[in-house]
Every structure is written in structure tokens, then in C-alpha cells.
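Enquirer: Before anything else, here's the structure in question.
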Amino acid sequence: MPVGLLYTIGFIISLVLALVMTPLVKKLAFKVGAIDKPNHRKVHTRIMPRLGGLAIYIAFVGGFFLLSPLLPDGLLRPSDMKLINALLVGGTIIIVLGALDDRFELSAKVKLVGQIAAASVVVFGFGVKIDLLNIPFGETMQPIAHWIAIPITILWIVGVTNAINLIDGLDGLAAGVSGIAIATIVVMASLMGFQPIILLSTLLLGGIVGFLVFNFHPAKIFMGDSGSLFLGFSLATLSMLGFKQVTIVSFVTPLLIIGVPLSDTFFAIIRRWVNKRPVFAPDKGHLHHRLRDLGFSHRKTVLIIWGVAAIFGGLAIVQSAVVQSSAANWITFAVICLLMFFLQIGAEVTGIVDKTRRPLINLLNRIFLRTKVNAESRSK
């Protein structure tokens, strides 16, 4: 059986499992009290079941074990199984942590300790870590010393895990953004022929799509922290392939894959610092909040952010495709400059950092007016 057909079957299995399990998890959430009540920070107006991440997890793990007997011998090497087992074991720790939080609302410190524990399992238990970096304008891949690689890897996993958690504010938002990022990884891994990443990403994508049937506005169930933490952890682990492929992907690529949650987290930190608020204090200044304040509907806000995530994903694919060319460094530099420019414009338009300060837009307006005046004076 062709490998591509096997992955398609795996996607369908995971999709069907998510469609079957999500209504059952919804009933379980009500039964155990894993519910989300409305408050001043939330947009929903009725009690909603969470714990939806459990359905995605069951679809992902169930799909893997159902598909495994069909995989041909030699498709996965022992080193590939290390990556797979790291994601399965670490993901299990994360899903348990998230499920407990959905039910009991754990403190931020407890959740952080749990995330570090899951990341440590990946690093110390299975030896998966960022050990090579392709720095733009560097001549070769640069090896990283173990004492640096270990904390960088743990910080990456914990940071991305929380970034997905922060954008989980509207129906289907976090699941859709994560699905787009996973689809990006599927395309990149297919171009590389990296079988374990194709397998894991395809199965995870099937679970996300199946769950989105119940999670898109108006949602029937929330993914909760079980979902956002599990998807964040999975994205962090899978996107690390961008650091590990010696001649394929540059340092910038994994940042592009998850550009939306990372940029939203970055602007949240800047916003709270500017307003002299604690960095970890929740607020209603995230991108989805600002788009709603600008008058966009719930669905349009989600679709706009999905579109931005798709642009980031497309740039990641382009970046990975050209990294071996002679112009790769300049393309990387151009991509970074364009992203910084448009991120700043977007931040000023939406007011994600400050609703009144628009330095770049004001500068562009002055340049435009000056150019216009000069052109009119020359024409006279």
C-alpha cells in the first residue's frame, strides 16, 4: 500500500474518532464539572463544557495505534520512534495536567511545573532537543553545547505551549490556528520526506478537524486547557524539526510556523509592560479582543486570524524551500523585515499594544504628505 494512502487513512481514522469522541467528552465534562462559566473577560454568555482537548488526544493516540499495524517495516527508524514516543509520553502528561485544570482550575505555578516536567521528559527521557541552529548569514549549521541546548529546548516547549493557551479566546480560534500550523508542518515534512513528522502531524490534523466540527462558532464544547496545552506542546515538539534538519530549514522557519500565537504573546508582554501591569496578568487586549472591539463579528474575527496564520504558514514553507539557494540569507532577511513592518502596522491599527500611539503610521503619513507637497510644488 502506498505510504501516502496510509497517511490518508490515518487522517480519516483520527477524524472519525474525534467526531465520535467529542460528544462523549462533552457529556463527561458536564458529569465531572469541567465547565466554563461566563465572566467579564469571556465572550460566551452561558455555561460551556470544556475538556475538548481530551477528544483530540484520544483521536490522535487512537489513530496512531490503529494505523501502526499497517505501516510497512523500515518506514520508521529507531531514532524516529524516539520522537514519536517523546510526543506520546510528554503529551499524556500535558493532557492529564490540562484535564485537571479544566476541572479544578489549577494555579499558574502548578501548571508551569507540569509543563516543565513534560518538556523534561522529552529532553532527558528521549534525548529530543535543539542541538543545531542555522543562523541567517551563518556559513553552516552551528552546534549547540548541551548545557545551552537543554534549557533552550525546555524554554521553547513551555513557551509555545503557553502561546497557544493565550490565544484560546474565541470559538475555533486556537484549534484552527493550530490546525493551520500542523498543516504547514505536514507540507514541509512531505517536502523533506521526514516520515515520523508526516505521520504524527497527519493524525493530529485529523483530530483537530474532527473537533472543529463541534468547536467552530457557535461552539458546542470548548477545548479547555487540556486542548490548548496539548496542541501547544505538540506544535512545540513537532516544529523543532525546523531546528534539527541540517540542510533544509533555517532558524526562522519554526518561528513562522507558529507566528500568530508567538506574536500575540509578544505584544501581550509589551502591552502589559507599557501599562505597568504584571506580565502574567490576564487582560482583554489580545488580537481577537481588539478585532471584536473594531466591530468584526465572532466568525469574521476567527477567519481573519486564520488567514493571518495561513500567511505565516505559507512564508514558512517558502522559507524552508529556498533555504538551500544562494539567495537564502537575503530572502530570510527580507522576510524578517517585511514581517516586522507589517506586524507593527497591524499592532498600531488594532491597538493591541496601545490604542492611541501609532508612531509608524504617523511617520508614513508624514512622509506621504511631504512627498505629495513636493510633487505639487514641482508641478507648479
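Enquirer: Which whole-number value in Å³ per residue fits the convex hull of the alpha carbons of region 41-107?
Expert: Hull volume over Cα atoms, normalised by residue count, gives 124 Å³.
Enquirer: Same structure again: Could you list, in their original order, any pairs among Lys109/Lys129; Lys109/Lys276; Lys37/Lys355 whose Cα atoms are separated by more than 27 Å?
Expert: Cα-Cα > 27 Å for Lys37/Lys355; rest within.
Enquirer: Starting from the residue with the highest accessible area, list Phe296, Phe333 in decreasing order, probe 1.4 Å.
Expert: Ranking Phe296, Phe333 by accessible area, largest first, yields Phe333, Phe296.
Enquirer: Just need the Rg to Rh number for region 284-380, please, alpha carbons only, Kirkwood Rh.
Expert: Over the Cα atoms of region 284-380, Rg/Rh equals 1.11.
Enquirer: Could you please put Trp156, Trp273, Trp306, Trp330 in sequence from largest to smallest accessible area, using a 1.4 Å probe? Spell out each step's value before the answer.
Expert: Working: Trp156 30, Trp273 185, Trp306 55, Trp330 165 Å².
Putting Trp156, Trp273, Trp306, Trp330 in descending order of accessible area: Trp273, Trp330, Trp306, Trp156.
Enquirer: With every protein chain kept in the model, how would you rank Lys31, Lys111 by accessible area, 1.4 Å probe, largest at the top?
Expert: Numbers: Lys31 175, Lys111 40 Å².
Order by accessible area, largest first: Lys31, Lys111.
Enquirer: Put +1 on the Cβ of each Lys and Arg and -1 on the Cβ of each Asp and Glu in the chain; which of Ile270, Val187, Leu294 then has its Cα farthest toward the positive end of the dipole?
Expert: Leu294
Enquirer: So what's region 188-321 giving for Rg/Rh, alpha carbon basis, Kirkwood Rh from the mean inverse pair distance?
Expert: Numbers: Rg = 16.6 Å, Rh = 16.7 Å.
Result: Rg/Rh = 0.99.
Enquirer: If a helix is a whole DSSP H run, which ones in the chain reach 27 Å or further along their own axis (Cα) and hold a mean Kyte-Doolittle hydropathy of at least -1.0?
Expert: Those that clear 27 Å and a mean of -1.0 are 3-32, 78-104, 146-166, 173-192, 195-215, 298-322, 328-350, 359-379.
Enquirer: Turning to a different aspect of this structure: Using only helices, what value at 222 nm comes out for the chain when you add -39,500 (n - 2.57) per DSSP H run of length 4 or more and divide by the total residues, to the nearest 500 deg cm²/dmol?
Expert: Result for the chain, helices only: -23500 deg cm²/dmol.
Enquirer: As a test question: what accessible area, to the nearest 10 Å², does Phe11 have when a 1.4 Å probe is rolled over all protein chains in place?
Expert: 50
Enquirer: Any chance you could check the Cα centroid distance between region 302-320 and region 330-380 for me, in angstrom?
Expert: 22
The values are calculated or read from the model by the stated rules, or taken from the named source; none is laboratory data. Bear in mind that the values here come from a model prediction, so they are computed numbers and not experimental data. Cβ: placed from backbone, ideal geometry, glycine included. Neighbour counts: every protein chain shown. With ligands, DNA and RNA removed, areas are computed over all heavy atoms of the protein, side chains included. Shrake-Rupley method; radii C 1.70, N 1.55, O 1.52, S 1.80 Å.
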